[in-house]
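Okay, so here's the structure we're looking at.
Please treat every number below as a calculation from the coordinates, not as lab data. Computed from a prediction, not measured in an experiment: that's the story for all the values here. Glycine gets a Cβ as well: all are built from the backbone with ideal geometry, and neighbour counts include every protein chain shown.
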Amino acid sequence: MSRTPSPQKRMEELREQVQYHNARYHGHDDPEISDAEFDELARELRQLEIEHPELVDDSSPSLAVGATAITTFDPVVHRVPMTSLDNAMDETELRAWGDRVAKGLGDQAVRYVCELKIDGLAISIRYENGVLVQAATRGDGKVGEDVTANVATISSLPKHIASAPEVVEVRGEIFMSIAAFEKLKAEREAENLERIRNGRSPLPVPVNPRNAGAGSLRQKDPTITAKRDMSLWSYQLGEVVGGPEFTSHHDTLEFLRTLGFPVNPAITIVDSIEAVTQFCQEWKERRHELPYEIDGVVIKVDDLSQREQLGFTSRAPRWAIAFKFPPEEKHTLLLDIQVSVGRTGRTTPFAVLEPVFVGGSTVGMATLHNRDQVAAKDVRPGDTVVVRKAGDVIPEVVGPVLSKRPKGSQPWVFPTQCPCPVKSTLVKLDDVADTRCVEPSCPFQRDQRIMYFASRGAMDIEGLGDRTVFALSDAGLVTDVGDLYSVTVEQLLTLEGFAELSAQNLVASIQASRSRPLPKLLTALGIKNLGPAAAESLASEFGSLDAIAIASAEELSAVDGVGGVIAASITSWFAVSENAAIIQKLRNAGVEFGRVEVSTNPQTLVGKAVVVTGTLASYSRDGAEEAIKSRGGKSPGSVSAKTFAVVLGESPGASKVTKAEQLGIPVLDEAGFEILLATGELPV
Ligand code: IVH
């Protein structure tokens, strides 16, 4: 059993760890642990220091801001120190800060300036007589590094300012936009694939915009920084000599704006902590609408004389606080890389992770897409990896933490055999990214086909989940989708987890699926390349499965939305004898082959394509599509010259909006959409 260490021992341990990780983060831009884990260590240390003031030592890292700058760039002494901020991790801590401010000011009225907390790198840029003379990183807050040549490459940064004070230091955050980061990452991944092909080891891929930005700022060659497309938001003044006198923070921001510096437009002044919490809540939800990353909100007391009254603690101002959002990135262990087999035989590598709570849910698995992706990122079982789960986006393994890679680790090798019991050889053609299992009898493919048949967009068989499919398949009760309809209650009762009632329910929902409309049945067969949209068109054109089965490729490809590729894949599917046998089983079971639903809605949109983007208040995504289709219209996924109108909801896709503007396609709001549905006409 482990004993709790003495406070002194624990404080020593924590000091050592905080110092070490601080140096990795600030000094080397190569953190080993996530921000959240670091905060946890730092907070524990500060708590112990509060509880045991007699054990506080002047050199404690909790009193310092960051690591002392490493010496590859010239040191710059900050004439006005660049302090850090204290954090509030939740609303309670934020309100506690508000109470401390109120107390410190003897209950004077307080205005707060709320700003986005840009996830970048703090910078101080010095102008003398209007000329940019020096740009320095924060370093330890007292001494930073001279990165003037690199910062001067930022296009939105004025190099000269007119009617400027003798000296003015502009402070703000340098960051890389998400688009610039994605571009850099894609370039690095492509470069890595090329290197791997030539037998060279891959280079580290930047894991997030902050990390990429830090690397770019520290380039010895500024022409490289120039290519990285960095940006700046300014939010504070440092030293000012011979300038105007200010009484409020928002005046200083206005001053920065008039001098030509970029100031973030989301900045808002409020007069209560209640309104501050609303601002924080709003941006916590909206953070992904921004083209750059934020990790919280910074709240500052606006009145500069009130700031003076409040003053500083040993490490941060009392007049400001950083409200931190929950982390969307964490580090965890990559236990294994396994391969799954889809219904068409395509194999997909996926990461098996030590489960980690990130971005609002626990992540234990994440797709790695394909063989090239694994190679480009060079993630290996045993690695500590960065896992990201942002908003509704599927979780991603971003990359390895190289400093934690176990010694002797080797790159992961894609398996040569299918993981199913047949163990057939996997096939990878040179010019395609996919590796496939091409064995027709592969039981893994078969199970996936059955799951797809039963899924919501297809035959929608309630209660037939993955586990039941595996159990039915293992017991030999089902070898293809045609067998589903002869499964009995007695047979289900022999399987684990089934009782009389659940068995009866499943048999009933299987039988009920016999009357699904033709497009669903056609989709459910899982014919390669044939998606729900083409299935709809084919169903309304041919009216029955039998008519589609005997149609020629020419007849099929004449249907709107069905090209040569889909047509060929349909005819070859029906030509396979096993598939003909499935059709026969379905027919014998009484599955309806010609159920075409007739809509009762007025057919206002016949021949019109309407694209919906963003979230609507009264329709779900599927609901909006259904509303268009049931009126005879089409709802394609992208905007083209043939689009009749584009409906914009909340947070629409930028590319669709731009495309609509370029092509001069009418853009409607939700009210306009209602009019369009009812009349088929554009609102006037
Ligand atoms: S003000 C004394 N405002 O967050 C006040 N900082 O966790 C100094 N940051 O060191 C900072 N956005 O690098 C301020 N709007 C903002 C900010 C911001 C991001 C960074 C900055 C700071 C760190 C504190």
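Annotations
- Ordering of 528-538, 278-288 by packing [mean C-beta count within 10 Å, highest first]: 528-538, 278-288
- Considering only the chain, percent of DSSP beta bridges that pair antiparallel, nearest 5: 90
- Distance from region 411-480 to region 312-352 (C-alpha centre basis), Å: 29
- The chain shape via C-alpha gyration tensor axes, a/c threshold 1.5: prolate
- Candidate lysines for bridging to residue 159, where Cα separation is under 23 Å - those fewer than 8 sequence places away on the same chain excluded: 220, 227
- Peptides ranked, highest mean first, by Cβ atoms within 10 Å: ranges 177-190, 296-309: 296-309, 177-190
- Peptides 116-128, 151-163 ordered by packing proxy, namely the average of other Cβ atoms within 10 Å per residue, highest first: 116-128, 151-163.
- Set of lysines near residue 377 by C-alpha distance (under 19 Å), chain-local residues within fewer than 8 positions excluded: 183, 185, 330, 389, 404, 407
- Rounded if a/c under 1.5, otherwise prolate or oblate - region 483-561, Cα gyration tensor axes: prolate
- Prolate/oblate/rounded label for region 127-251 (Cα gyration tensor, a/c 1.5): prolate
- Each label point was placed 7 Å from the Cα along the Cα-to-Cβ direction; for residue 490 and residue 558 their separation is 5.1 nm.
- Solution diffusion estimate, µm²/s, Stokes-Einstein, region 524-578, Kirkwood Rh from C-alpha pairs, 25 °C, viscosity 0.890 mPa s: 224
- When the listed pairs 423/585; 142/300; 103/324; 608/656; 608/659 are checked against a 25 Å cut-off, the alpha-carbon distance exceeds it for 423/585.
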